Amino acid sequence: MKLHILLRTWLVCLFACIPLLALLLVPQLMRSRAGSEQLLLLGTGLLLVLVTAAFIVAPVLSSVAAPGSARWARRTSMRTAAEVWRTRTGRAAAALIAGIAVYALGQTVGYGVGVIVPYIEDNPAHATDPTQSPWILHYPAYALQAVVLYVATTLAVAVYATLLRTADQARVAASV
């Protein structure tokens, strides 16, 4: 895996996945204590769609970040990725597993940030006034956790794209 391609792909992912960041920064959609269960369900569904979409378009993001041969041009990168999945299924699956592992590690780090810098606490006013919210949300701490999760998620997408691209290069080299 070429580090410069990974870093450039990650940079493109940071900009291309801005809708994911916007979602993560809305606590009512991402935390049940900040909103309703229905909003949490909506937010979780949107999160799943956006993360899945990011992994699907990862080859295009890689081709934008580091255009290489004609195989990794914007117009051909999805076709090349599909070809890698057909011909090098093991390497493609390993790339996806690596991306998911980075995503899971990012979730763990995000949880750690939430433990170190709690974003929510009990509202003592709720004990005497039930109309008060039972929780106090500290948005700066929440936003810090959301940004950590975003950075890790975009890194996961970049790792997947770069490893998929590396698998294609190995496939092409083996066929020559």
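The values are calculated or read from the model by the stated rules, or taken from the named source; none is laboratory data. For clarity, every value in this text was computed on a predicted model and none was experimentally measured. For neighbour counting, all protein chains shown are included, and Cβ atoms are generated from backbone atoms with ideal geometry for every residue, glycine included. Quick note on the areas: whole protein, heavy atoms, side chains included, nothing else; ligands and nucleic acids left out. Shrake-Rupley method; radii C 1.70, N 1.55, O 1.52, S 1.80 Å.
Here's the yes/no breakdown for (1) among the small types (Gly, Ala, Ser); (2) farther than 30 Å from THR87 by Cα:
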{"position": "VAL102", "(1), (2)": "no, no"}
{"position": "VAL109", "(1), (2)": "no, yes"}
{"position": "ASN123", "(1), (2)": "no, yes"}
{"position": "HIS126", "(1), (2)": "no, yes"}
{"position": "SER133", "(1), (2)": "yes, yes"}
{"position": "ILE136", "(1), (2)": "no, yes"}
{"position": "GLN145", "(1), (2)": "no, yes"}
{"position": "ALA161", "(1), (2)": "yes, no"}
{"position": "ALA170", "(1), (2)": "yes, no"}
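Residues that are closer than 21 Å to VAL151 by Cα and open to solvent by 30 Å² or more (accessible area, probe 1.4 Å): does segment 64-85 have at least one?
yes
For segment 99-138, which residues satisfy the criterion of being open to solvent by 90 Å² or more (accessible area, probe 1.4 Å) and in a loop (DSSP other than H, G, I, E, B)?
Once the filter is applied, which keeps residues that are open to solvent by 90 Å² or more (accessible area, probe 1.4 Å) and in a loop (DSSP other than H, G, I, E, B), segment 99-138 yields PRO124, PRO130, THR131.
Return the pair list, or none, for Cβ contacts closer than 8 Å from residues in segment 6-27 that are open to solvent by less than 20 Å² (accessible area, probe 1.4 Å) to residues that are part of a loop (DSSP other than H, G, I, E, B), at least 6 apart or on different chains.
Correct list of pairs: THR9/ALA66; PRO27/ALA34; PRO27/GLY35; PRO27/TYR119.
Consider segment 30-67. How many of its residues are in contact (Cβ under 8 Å) with a residue 60 or more places away in the chain and among the charged types (D, E, K, R)?
2
Tell me which of these LEU144 doesn't satisfy, since it passes every other one: (1) closer than 30 Å to ARG79 by Cα; (2) in contact (Cβ under 8 Å) with a residue 24 or more places away in the chain; (3) surrounded by fewer than 20 Cβ atoms within 10 Å (Cβ to Cβ).
Of the numbered conditions (1) closer than 30 Å to ARG79 by Cα; (2) in contact (Cβ under 8 Å) with a residue 24 or more places away in the chain; (3) surrounded by fewer than 20 Cβ atoms within 10 Å (Cβ to Cβ), the odd one out for LEU144 is (1).
Of these, ALA34, ALA54, which one is open to solvent by less than 50 Å² (accessible area, probe 1.4 Å) and not in a helix (DSSP H, G or I)?
Only one candidate passes the filter, namely ALA34.
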